[in-house]
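Structure first, then comments.
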Amino acid sequence: MLKLWNTATRSLEEFKPIKKGKVGMYACGPTVYNPLTIGNLRTYIFEDVLHRALELLGYNVRHVMNVTDVGHLVGDGDMGEDKVEMAAAKAGKSAWDIAKMYEEMFVKDFTRVNIRVPSGKDRPHATDYIREQIDLVQTLEKKGFTYRTSDGIYFDTSKFAEYGKLSGQKLEEKEAGARVEVNEEKYHPADFALWKFSPEGEKRQMEWESPWGVGFPGWHVECSAMSEKLLGQPFDIHCGGVDHISVHHENEIAQSEAAFGKPLANYWLHGEFLLVDGKRMGKSEGNAYTLDDLIAKGFDPLAFRYYCLGTHYRSKLNFTWEGLEGAQNALHKLRSEARSLSVGTGTEIPSAFVEALEDDLNTPKALAAVWDTLKSGSTREEKGAMLTRMDTVLGLGLAELVGQPLDIPGDVKALAEERLIARQEKNWKRSDELREAIKSKGWIVEDTKDGYELTPEA
RNA sequence: GGCGUGGUAGCCAAGUGGUAAGGCAGGGGUCUGCAAAACCCCUAUGCGCGGGUUCGAUUCCCGCUCACGCCUCCA
């Protein structure tokens, strides 16, 4: 029985899909205006593991992730500039080119850490669903949830009685906060833009006609419009990062539920942050690392994935280089274990592994089950089969290594053979020379009980 | 001010009302020309602090403290 922690109820709940055997999940995707940080990546890895775990448990999963290529504003809430247009201006490129460039970058990063990237319709772009977003705003307008200011159409949060139910914060409590509100035309600080007008006399690169005037959709409305269009409402699981709980997801709920009069999603799952030096890592904090930074330091992207798997998704992960190194060492060990196994035909999965996943996606526990399996008394074939199955969830690239001894170049192999003979003749000088020769070709030779073992230099 | 999360060995990190998974690092041993690997063994009487409940708490309750996050764009 799969149990998941539902942010909406703040409790562990048994997962029951709307349609038997099927799961519809929606994940808030990147805003394509700068490179992904490893913090962003942690959340996407969590969603990918969720997707894979659901499949292992027998569900047919539809995983939709949007690409925000318009409408995400920087700075003071609804008053700032559009992130994509701003990045474009800075780079001297068009907004469309910027969006395309950063989308290609994140797809590359996803691929490098073995995240299966949603594609086609399952990766909708906000700019391709302008019609749906306008429709949604019109529905809200008809139902009386909107009002107009000089710069756009806004959602009136005071009209939605349940506003704040996800974060457990009432409107009045938010109001008491120390935030500075710069948009004095809004009725309430929590109100948010559904449609923004293009600035007077200014031509935006991304703008569309609408019943209210030329402009562009607000950030929150895209998710509501696209999830309804692609998954229906309600759908099963909505995920994202914890920082979205109190604003973005709250706003999505308000829009969607106000417009359609039914729940948006049944389960809300949120991935915790990755911290650096015990503090939040963020694009605006200036302490953000990218996957390329890790690679530049000689790390394998999958070592980062392993690192993430070692912490429960609802716990903060304090990123350190030492921790990443430990993860990489562990991954190397797993790889060499995998190579030493044989391809088996079994479809067994250790129950401890499955139970760990069913327990709110407890990947650290699942990883422990992997190690226990490797240390167990099962045969190489059984272990090979089990590791292969478990790797469909882990995504550590172990499955393809099972039963695949390293491909050793002939010349290296010949040197190793020659060294073996030298050793038998107790010609240690020659033996050491040959070890050096092998090393110069990028391989490490190690003696074993009945011969030697060659591994590529890290 | 409001809402929320967490403090477990050198590091990372699970977990439980009955005496602490796993990984990394470290130590000892076997082995070895050397080295490494491999294998075996060891490494928290202890789970932020103080109370309480209990036969018994790291696990439940209360208080405190520290750290972090959200409430303003950010996974």
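Observations
- Ranking by accessible area, most exposed first, for A:Y187, A:Y147 with a 1.4 Å probe: A:Y187, A:Y147
- Straightening the chain between A:N427 and A:K170 buys 84.5 nm, computed as 0.36 nm per residue apart minus the Cα-Cα spacing.
- Expressed to the nearest 5 percent, the antiparallel share of DSSP beta bridges inside chain A is 55 percent.
- Whether segment A:175-269 is rounded, prolate or oblate, judged on the alpha carbon gyration tensor where a/c under 1.5 counts as rounded: oblate
- Distance from segment A:1-52 to segment A:228-242 (C-alpha centre basis), Å: 9
- Acute angle (nearest 10 degrees) that the helix A:428-440 long axis makes with the longest principal axis of chain A, alpha-carbon atoms: 30
- With at most 12 neighbouring Cβ atoms within 10 Å, loop GluC sites (Glu not before Pro) (DSSP) excluded, longest segment of chain A: A:1-161
- Per residue, chain A reaches -13000 deg cm²/dmol at 222 nm when only DSSP H runs of four or more residues are counted, each adding -39500 (n - 2.57).
- Here segment A:126-142 is scanned for amide nitrogen atoms under 16 Å from the site 7 Å beyond the Cα of A:R148 along Cα-to-Cβ, giving A:137-142.
- The gain in end-to-end length when the A:S315 to A:E104 segment is fully stretched comes to 73.0 nm, 0.36 nm per residue minus the alpha carbon separation.
- Atom-type composition of the exposed protein surface of segment A:36-144 places 49 percent of the accessible area on carbon and sulfur (1.4 angstrom probe).
- When the Cα gyration tensor is reduced to axis lengths a ≥ b ≥ c, the ratio a/c is 1.5 or higher for segment A:358-397, and with a/b not above b/c it is classed as oblate.
- Per residue value of the accessible surface for segment A:1-133 (all protein chains in place, 1.4 Å probe), Å²: 42
- Carbon/sulfur fraction of accessible area - segment A:310-458, other protein chains in place, 1.4 Å, %: 49
- Folded to 0 to 90 degrees: helix A:95-112 orientation relative to chain A principal axis, Cα: 40
- Residue-normalised accessible area of segment A:312-458, given per residue in Å² at a 1.4 Å probe: 55
- Alpha carbon convex hull of chain A, volume per residue in cubic angstrom: 164
- For the set A:K93/A:K203; A:K159/A:K262; A:K279/A:K365; A:K333/A:K375, the pairs lying more than 19 angstrom apart at their alpha carbons are A:K279/A:K365.
The values are calculated or read from the model by the stated rules, or taken from the named source; none is laboratory data. Quick caveat, the model's predicted, so the values are computed rather than measured. Reconstructed Cβ throughout: ideal geometry from the backbone, glycine too, with neighbour counts over all protein chains shown. SASA here: full protein model, heavy atoms, side chains in, ligands and nucleic acids out. Shrake-Rupley method; radii C 1.70, N 1.55, O 1.52, S 1.80 Å.
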